[in-house]
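Only one structure is covered here, and it is reproduced in the block below.
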Amino acid sequence: MKSFRPMTLSIVLLVITIANTGFAQTGRERSSKKARAAAEQSARAARVFNEIMGTREKSIPRDLLNKAEAVAVFPGVIKAGFIVGGRGGSGVISRRVAGGWSAPAFFDLGGGSIGLQIGAASTDYILLFMNENAVESLLGDKFEIGGEGSAAAGPVGRSASASTDVKLNAQILSYSRSKGAFAGLELKGGVIKPDNEDNSQVYGMTARDILTGANKISMEGMPEGVRVFPLTLTRYSTRK
């Protein structure tokens with residue numbers, strides 16, 4: 001029986017080695033898949049923002065964009081239901097940094113609505129966070145849009161920035177595009193929360209770490225695939 005012990009031990013070690021190799025390979029595949037998904041999400045958000053800013057008479061006014069501390073884009077949010085409906089989607093948020101914009105952090109957008117609804121619709125949402133308090137509100141477990149005085153429909157067009165004080169003083173300006181039409185939309189009841197599973201897998205950081213503090217990720221330190229979103233924002237708005 002003793003003569004079989006070395007062979008048995010070798011078999012056990014071989015099985016452990018194979019298992020560890022399999023786990024490592026699975027981890028690499030998962031990481032690679034997540035990196036591709038992050039790049040696709042950033043590219044979709046960048047494309048939506050480019051298309052909206054490319055329509056001069058109906059775009060986000062540049063002076064409002066220049067005042068924003070952070071920009072969120074949630075492409076293709078689905079709103080569906082019959083009588084009781086809901087919406088759900090995911091997107092990215094970048095915060096302004098010196099000379100450009102931060103690495104995009106990943107967030108989810110959800111929320112419910114009640115009314116006469118049949119069918120489904122896909123809508124792009126763009127949110128401007130106009131001050132530090134608005135950005136900070138994002139970084140808890142979840143943030144509900146539409147608290148008193150906190151959000152307003154964003155004005156559109158080159159001359160629309162001289163809109164009402166309510167809009168200019170709002171912490172968040174919200175926009176939507178559905179079926180090709182782009183306009184300000186008062187988005188109430190929507191809930192934004194960090195997707196820290198994605199943030200962790202892409203950056204090894206939480207949304208709070210990505211968007212706050214002195215050690216924000218440099219452009220060179222970002223995964224190449226996600227750079228398209230902050231680079232797109234930089235095309236339209238930078239501060240010295």
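No lab work stands behind these numbers, since they all come straight from the coordinates. Here the structure is a predicted model, which is why all the values come from computation and not from measurement. Positions of Cβ are backbone-derived with ideal geometry, glycine not excepted, and every protein chain shown enters the neighbour counts.
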**Asked** Taking the Cα-to-Cβ direction at Arg36 and at Asp141 and moving 7 Å from each Cα, how far apart do the two end points lie in nm?
**Response** 3.5 nm
**Prompt:** On alpha-carbon atoms, Rg over Rh for the stretch 173-240 using Kirkwood Rh?
**Reply:** 1.03
**Prompt:** Looking at the stretch 194-240, which GluC sites (Glu not before Pro) are DSSP coil and have at most 11 other C-beta atoms within 10 Å of their C-beta?
**Reply:** Glu220
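What does the C-alpha gyration tensor say about the overall shape of the stretch 186-225? Classify as rounded when a/c is under 1.5, otherwise prolate if a/b is larger than b/c, or oblate.
Working: a/c = 2.18, a/b = 1.91, b/c = 1.14.
Taking the square roots of the gyration eigenvalues as a ≥ b ≥ c, the stretch 186-225 is prolate.
Of Lys58/Lys142; Lys34/Lys67; Lys79/Lys216; Lys33/Lys179; Lys34/Lys58; Lys67/Lys193, which ones are farther than 28 Å apart at the Cα?
On the way: Lys58/Lys142 31 Å; Lys34/Lys67 33 Å; Lys79/Lys216 34 Å; Lys33/Lys179 31 Å; Lys34/Lys58 34 Å; Lys67/Lys193 23 Å.
From Lys58/Lys142; Lys34/Lys67; Lys79/Lys216; Lys33/Lys179; Lys34/Lys58; Lys67/Lys193, over 28 Å: Lys58/Lys142; Lys34/Lys67; Lys79/Lys216; Lys33/Lys179; Lys34/Lys58.
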**Item:** Cut-off under 5 Å, modelled amide H: who pairs with Met205 long-range
**Value:** Ser200
